[in-house]
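Worksheet: the structure to be examined is printed underneath.
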């Protein structure tokens, strides 16, 4: 496996760990999150930014996302992935579709 593919797989694993931690939170806990929060993590020696987004909608639903960003092109750009889910006030969760989260893609 190429070094870049290994790095991408490790970044994806970190993103999924963060998603799993959010998926067990209640609606109230998720609603209390800031609209956006970015943390740095070192993955295989590379500095990766992981941003959690929480977007409230008028119908009470929340869109919760995690986006990974790793520098490319000598730091002049970034690449990454975004994954997320919807939660409604009753606590029901559904996966967010690509079209719903496209604006958050790195």
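Determine which single condition residue 12 fails, assuming it passes every other condition in (1) at pLDDT below 95; (2) surrounded by fewer than 13 Cβ atoms within 10 Å (Cβ to Cβ); (3) within 21 Å of residue 103 (Cα to Cα); (4) under 17 Å from the mean Cα position of the chain (by Cα). Answer for residue 12: the failing condition is (2).
Checked against (1) surrounded by fewer than 16 Cβ atoms within 10 Å (Cβ to Cβ); (2) at pLDDT 90 or above, residue 42 meets all criteria but (2). Number of residues in the range 23-64 that are within 19 Å of residue 103 (Cβ to Cβ), outside any strand (DSSP E or B) and either in contact (Cβ under 8 Å) with a residue 40 or more places away in the chain or in contact with a strand residue (DSSP E or B) (Cβ under 8 Å, 6 or more places away or on another chain) (or both): the value is 5. Evaluating residue 35 against the criteria (1) farther than 20 Å from residue 9 by Cα; (2) at pLDDT below 95; (3) within 13 Å of the chain's Cα centre (by Cα); (4) exposed (fewer than 11 other Cβ atoms within 10 Å of the Cβ) leaves one unmet condition, (2).
The values are calculated or read from the model by the stated rules, or taken from the named source; none is laboratory data. The structure displayed is predicted, hence computed values, not measured ones. Ideal geometry is used to build each Cβ from the backbone, glycine not excepted, and the neighbour counts take in all protein chains shown.
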